[in-house]
Amino acid sequence: MIARRDVLKTVAALGLGALALQSRAQTAAYPSRPIKVVVPWPAGGNADVTIRPILDRMSQTFGSPIVVENRAGATGVVGTANSARATPDGYNLLQLSSSTVLNIALSGEKSFDLSRDFVPIGLAASTPLVLEVHPSVPAKNIAELIAYARANPGKLSYASGGIGTTAHLLSELFKQKAGLDIIHVPYQGGAPAVADLMGGHVNMYFDVLPTALPAAKDGRVRILGITQAKRSPMLPDVPTFAEAGQPAIEAAVWVAMLAPKGTDAAIVARLNDAMNRALAEPSVRQRLDTIGAEPTPGTPDKLATLIRVELEKWNEVVRRANIKAS
């Protein structure tokens, strides 16, 4: 006689097997309906225009629409927190940007955790930054700038687009690593910061490469270094900070993709593959090139490492500089 508990075990096993088969079938059919990607920034902003050509190509690969939902608010927090609570079925994704990571470090946001509440899909694109100075600054390279700033504490000033922006925290990192006393002058955005730099009202600014190039070519600013691991083909004569003896000064404005924790690993793998394929497409690369972004294909693990390293780095910068959210 078969024991009742054995029957129950058999029924449970059959049930689990059926669920596993159903899950595999759903994964194989993915995507079977439109995918939603939350961009926690306004439409038309850098994060928005960078991710859209990539998503357009992924949509073609899948043969299914990918819909962007701009959910701005609290410098990326509103949309990110909402996505952390979304159903982990592969149809609710999040665009993550370096600006969101900076804001988490600045605000100490606790309503979500990027590692706990999400799984990485992949890094999409990045835009390098350069350090530019007004031509009146008596420095032709980074070493000369450091020497001049050390000999004249409190005399130089640096611009930023506001408290907690990339230019702000990167400048503070530079000050900390090089042991400098340079005054912060925050502006309401990058455009007025650049305008005052060119006007000689401030001395230096960490700018994205595409907007720095025209001013440098006209002689309105002088570019001293680039904040990526290798030189840019657009500025072959400009050294990296590592070449100048400051390897810690490495940063970029980047965008990536996440999914809520619990999303099937096979679906994450398909999304990563589709994104990397999109980044290899000449049409996508051309569209990214027009906004100064560089494709950054890679694995989910690569993105997970970047998020961890960035959070550690910027948390330390904020702590040491005692920066408070405005």
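The values are calculated or read from the model by the stated rules, or taken from the named source; none is laboratory data. Because the structure is predicted, anything quoted here is derived from the model rather than measured. Cβ: placed from backbone, ideal geometry, glycine included. Neighbour counts: every protein chain shown. Side chains included, ligands, DNA and RNA excluded: accessible areas come from the protein's heavy atoms. Shrake-Rupley method; radii C 1.70, N 1.55, O 1.52, S 1.80 Å.
Brief remarks follow.
- Some residue of region 16-30 being modelled with pLDDT of 90 or more and not aliphatic (A, V, I, L, M): yes
- Residue check, Met275 of a type in the set (A, V, I, L, M, F, W, C) and under 18 Å from the mean Cα position of the chain (by Cα): yes
So that you can scan it fast, the table gives a plain yes or no per residue for (1) at negative phi; (2) among the aliphatic types (A, V, I, L, M); (3) modelled with pLDDT under 95:
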residue: Leu209; (1), (2), (3): yes, yes, yes
residue: Leu224; (1), (2), (3): yes, yes, no
residue: Ala229; (1), (2), (3): yes, yes, yes
residue: Gly245; (1), (2), (3): no, no, no
residue: Ala256; (1), (2), (3): yes, yes, no
residue: Pro260; (1), (2), (3): yes, no, no
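- Looking only at residues in region 180-204 that are out of contact with any His (no Cβ under 9 Å at 6 or more places or on another chain) and closer than 18 Å to Ile323 by Cβ, the one that is modelled with the lowest pLDDT is Gln188.
- Of the residues making up region 153-210, those that are of a type in the set (Asp, Glu), part of a helix (DSSP H, G or I) and open to solvent by 40 Å² or more (accessible area, probe 1.4 Å) number 1.
- Qualifying residue in region 242-262 (condition: outside any strand (DSSP E or B) and under 30 Å from Pro31 (Cα atoms)): yes
- Qualifying residue in region 305-318 (condition: open to solvent by less than 20 Å² (accessible area, probe 1.4 Å) and under 21 Å from Lys140 (Cβ atoms)): no
- Residue list for region 111-139, restricted to those being under 30 Å from Gly200 (Cβ atoms), open to solvent by 20 Å² or more (accessible area, probe 1.4 Å) and among the hydroxyl-bearing types (Ser, Thr, Tyr): Ser136
- Scanning region 232-266 for residues that are closer than 28 Å to Gly45 by Cβ, more than 18 Å from the chain's Cα centre (by Cα) and not aromatic (Phe, Trp, Tyr) gives Ser232, Pro233, Met234, Leu235, Val238, Thr240, Lys261, Thr263.
- Candidates Glu109, Glu69 - the one that is at pLDDT 95 or above and farther than 30 Å from Leu213 by Cβ: Glu69
- Filter result for Asp301 (modelled with pLDDT under 95 and open to solvent by 40 Å² or more (accessible area, probe 1.4 Å)): no
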